[in-house]
1. Can you go through 133, 27 and tell me which one is farther than 30 Å from residue 164 by Cβ, among the hydrophobic types (A, V, I, L, M, F, W, C) and modelled with pLDDT of 95 or more?
2. For residue 109, all conditions in the list (1) outside any loop (DSSP other than H, G, I, E, B); (2) in contact (Cβ under 8 Å) with a residue 40 or more places away in the chain; (3) closer than 19 Å to residue 205 by Cβ hold save one; what is the number of the exception?
3. Taking interchain pairs and intrachain pairs at least six residues apart, which have beta carbon atoms under 7 angstrom, with the first residue in segment 85-104 and open to solvent by less than 30 Å² (accessible area, probe 1.4 Å) and the second of a type in the set (Asp, Glu)?
4. Of the residues 148, 138, 164, 130, which single one is touching a residue at least 40 places away in the same chain (Cβ under 8 Å), open to solvent by 50 Å² or more (accessible area, probe 1.4 Å) and either among the basic types (Lys, Arg) or at negative phi (or both)?
5. Of the numbered conditions (1) surrounded by 16 or more Cβ atoms within 10 Å (Cβ to Cβ); (2) of a type in the set (Phe, Trp, Tyr); (3) without any contact (Cβ under 8 Å) to a residue 40 or more places away in the chain, residue 215 fails exactly one; give the number of that condition.
6. Can you name the condition, by its number, that residue 120 falls short on among (1) open to solvent by 60 Å² or more (accessible area, probe 1.4 Å); (2) outside any loop (DSSP other than H, G, I, E, B); (3) among the small types (Gly, Ala, Ser); (4) farther than 21 Å from residue 71 by Cβ?
Amino acid sequence: MRGVRAAILCLLTALALSGCMRRSAPVAAGQPQGDLDSFAYGPSYGMAPAPAAYAAAPTPVVHDAAYRLDAGDKLRVVVYGQEGLTNTYAIDAGGSITMPLIGAVPARGRTPAGLASQISAKLRNGYIREPSVAVEVEAYRPFFILGEVAAPGQYPYVPNMSVESAVAIAGGFSPRARRDRVTLTHTDHSGPSRAVVPLGTALGPGDTVLVGERWF
């Protein structure tokens, strides 16, 4: 009997051992990364990179400090201590402003600082011993926009305008307009120039924008 019991006990032990051998090992499941990984490699470790966001920041247009005056500009002329001379003056079609005492002063093609020097020189010539004069642009001469826009015509200019903002002021493109480029005519001290430019091009006082017609 002892031999039978020993045999049965050995058999049961063998069966138990064989069951343990057949038991499969645990399978690792995907788990979120641990705090240690985040600390060592950063919070984005093991994660797919997020798509980059691109923002088209418009480049600001800087108005030229050496602005050249022309007909249509309105100027604020301050002669310190002389209220009768301090006033707003418009540059006439001949390119001059007319002030008390000194009469016509040529302004076309001059910078505001250059015009102030010219006024000072005239006042110093027999009127004021040591005049102090400042000139600033109160209102710029208008720009013109023609062609395929809703309301072509003449509009007041404000600093840092672009061709695109000029089109918007004129009511936007007409249905037949070419929308990627325009013809810009600009006049400076060297004379007029014309070029085909994109919509982001800076616009100057007195410029003319021509919006063409597309063919398809």
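1. The unique qualifying residue is 133.
2. Residue 109 satisfies every listed condition except (1).
3. Here the result reads 91/70; 91/73; 95/70, each pair linking segment 85-104 to a residue that is of a type in the set (Asp, Glu).
4. 138
5. It is condition (1) that residue 215 fails.
6. (1)
The values are calculated or read from the model by the stated rules, or taken from the named source; none is laboratory data. Since we're looking at a predicted model, the values are computed, not measured. Cβ sites come from the backbone with ideal geometry, for glycine too, and all protein chains shown count toward neighbours. Quick note on the areas: whole protein, heavy atoms, side chains included, nothing else; ligands and nucleic acids left out. Shrake-Rupley method; radii C 1.70, N 1.55, O 1.52, S 1.80 Å.
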